[in-house]
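Working notes, beginning with the structure itself.
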Amino acid sequence: MSNFDEQLSQQLNSLAKEKPPERDLFRGVELGIEAQRNGKEKQSSNGVTNNQWLAIAASVCLVTVIWLSAPLAFKTENTQADTYALIEALSTQQQQQVNSLLASYESTPALTQDWQQQLKELDDAADAVKLALKEDPDNSALIKMLHHVYQQQIALIERVHAPKWQQI
């Protein structure tokens, strides 16, 4: 072995086998335990623990939700009236749009002969959906269905009266 290796070995052998911590680690653990004890004592001196605070907060939230949703249960008549008003507004707007389209296409010849019968069938379908909505005014699927029938009416009028250059 070289001189350097021998010196290194001697220095390594002179080192302690275990290194003690530079400070007392148990003191930090002890302080943490004491802080927890003091916190519990403060909670018990107030008479309210963390779990009790959570229960109080949950109760307040529950009461708030019930208070906010309770008026909705009493407003069913108002929502039905609102739904009927919406249906009437949709129907009026649809009729105005159909009349406007028919007036604009008055001079354009129709591509098929039975388009008015198809329009009548769509009118009957819209009436059936409106009748169903009177029975179940909160049914959003029926409102969407009525809107779809109205869109089909508009599309039918536009397709039947499309200029020859738009046809394929």
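Quick rundown of the values:
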quantity	calculated
Point-to-point label distance, Tyr105-Tyr84, nm (Cα→Cβ direction, 7 Å offset)	3.4 nm
Listed residues Tyr105, Tyr84 arranged by accessible area, highest first, probe 1.4 Å	Tyr84, Tyr105
With all protein chains modelled, accessible area of Lys144 [1.4 Å, Å²]	140 Å²
Calculated SAXS-style log₁₀ I(q)/I(0) at q = 0.10, 0.24 Å⁻¹ - the stretch 77-168, Debye, Cα scatterers	-0.31, -1.19
Exposure of Thr112 as accessible area (Å², to 10), given a probe of 1.4 Å and all protein chains	60 Å²
Phi-based couplings in Hz for the stretch 116-121 (Karplus 6.51, -1.76, 1.60; Gly and Pro marked x)	5, 5, 5, 5, 5, 5
Accessible-area value, Leu111, 1.4 Å probe, nucleic acids and ligands omitted, Å²	80 Å²
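The values are calculated or read from the model by the stated rules, or taken from the named source; none is laboratory data. Note that the coordinates shown come from a computational prediction; the quantities given were computed from them, not determined experimentally. Neighbour counts run over all protein chains shown; Cβ positions are idealised from the backbone, glycine included. Surface accessibility is based on the protein's heavy atoms, side chains included, excluding ligands, DNA and RNA. Shrake-Rupley method; radii C 1.70, N 1.55, O 1.52, S 1.80 Å.
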